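Let me begin by presenting the structure, written as structure tokens, before commenting on it.
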Amino acid sequence: MAARGAWFLSVLGALGLGLAPAGCRLRPSTIGLGGTHEEAAAPAKPLPSSAAAPPAAPGPSSDDEKAVAAAEETSITASPLLPTTAEPGNEASKAATAAGAFQPRPYAAHQAWTRLFDLEFALKVGPDGNIDMKMVSHQEARFEVLAATGGTIDKLQIEYTVYTSKMTVMGAAADSPEELAGKRFIVTFTQGKPDVRDASGGKPPQKQVDSVKDDAREPLEIEKALKELAQLAPRGQGDFSKMGALALAGGEDEDTKVPVAKARLQKLTTSQNQKLALLDLGYTLTNAIDESSSIEVQVAGTLSVLDAPGRYQSSSLQGPMEIRSSEPDGLQGRGTIKITTSYKY
């Protein structure tokens, strides 16, 4: 799934920037949420199901294009998904999937990848849905392992080489500044706990720290998800455990809750001696906007994973979103969200 922190921050920031002039009592959350190197997202109990078909995910690296194209036969829906009825893998494809397929590559110094992430949401807020908001964001984040011991990352560099957002409120469009744009961070792990510093070694603002921490957690979550995929691959299909589905979503933290997480290995294909796994995903995610308001997002879609070694290629997710308030005159809103993510290695 796309960088969960990136898109939640974009939505929350847009709400704060776009609605404050309209007199809404709203403070954008300063909590960064995360996702990196690989993606996944979320659905659950139905909200308005008027989401349009998501845009195609950015293309993978050149040597994987033909393999990824095979996965694009499967259409992506915004329904709360799963369990879908996948065609049983034939015996030949099962036999071709030897034990150990889709295992994660142990992390090592100088290992690097880039995550490309695109988000688009449309939202109507206000008592009568009289405020129209839209946002389009694009992010390119480069990850590099600076030090590792026994396959475990000790030091990680994350650089947000591109991060642009454009927001439209009531027909008026404007660029929306992104704090992480053009910035580079060094994350050092001590007994599993990340310490985030900027490129000069200083302590960044807490909002940036929180967001980068969540992105830095993603490589570990990807490793967990790939290990479970490796167990399912010999069968050619099957459901992930709740923990495996959560790992595909980037994990859960105290700020972002994932009440629904489902994932399924839908099918395996082989192209040019590479195995491609197509996963169905579905999540519901919630996050607090302020003391009385919260946002819930439901997304569903697919993720393609290539073998030798296992690595995420592209994902596309879409679904409804809703803003709720515990106060009668509080902020309310409904809309849709679309997220696409791809990786270059």
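Residues in the stretch 174-195 that are closer than 16 Å to LEU146 by Cα and touching a residue at least 12 places away in the same chain (Cβ under 8 Å): ARG184, PHE185, ILE186, VAL187, THR188, PHE189, PRO194. Tell me the residue from ALA122, ALA108 that is surrounded by fewer than 20 Cβ atoms within 10 Å (Cβ to Cβ), more than 15 Å from the chain's Cα centre (by Cα) and farther than 28 Å from GLU322 by Cβ, please. Going through ALA122, ALA108 in turn, the sole match is ALA108.
Please indicate, with yes or no, whether at least one residue in the stretch 321-335 is surrounded by 24 or more Cβ atoms within 10 Å (Cβ to Cβ) and at pLDDT 95 or above. Spell out how you get there, then give the answer.
So the first thing to find is which residues in the stretch 321-335 are surrounded by 24 or more Cβ atoms within 10 Å (Cβ to Cβ), and the list is none.
So far as the stretch 321-335 goes, no, none of its residues is surrounded by 24 or more Cβ atoms within 10 Å (Cβ to Cβ) and at pLDDT 95 or above.
The residues in the stretch 160-195 that are of a type outside the set (Lys, Arg) and within 22 Å of PHE117 (Cα to Cα) can be counted, and the count is 21.
Residue-wise test of (1) of a type outside the set (D, E, K, R); (2) closer than 21 Å to LEU248 by Cα.
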| residue | (1), (2) |
| --- | --- |
| ALA261 | yes, yes |
| SER294 | yes, no |
| ARG311 | no, yes |
| GLY330 | yes, no |
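Among residues of the stretch 323-335 that are free of Cβ contacts under 8 Å to residues at least 40 places away in the same chain, those with a Cβ under 8 angstrom from a residue that is among the charged types (D, E, K, R) and in a strand (DSSP E or B), sequence gap 6+ or separate chain, pair up as ARG324/GLU296.
With the condition kept exactly as written, say whether any residue in the stretch 251-268 is within 19 Å of THR286 (Cβ to Cβ) and in a helix (DSSP H, G or I). There is no residue in the stretch 251-268 that is within 19 Å of THR286 (Cβ to Cβ) and in a helix (DSSP H, G or I).
The values are calculated or read from the model by the stated rules, or taken from the named source; none is laboratory data. In this text the structure is predicted, and so the values were computed from the model without any measurement. Positions of Cβ are backbone-derived with ideal geometry, glycine not excepted, and every protein chain shown enters the neighbour counts.
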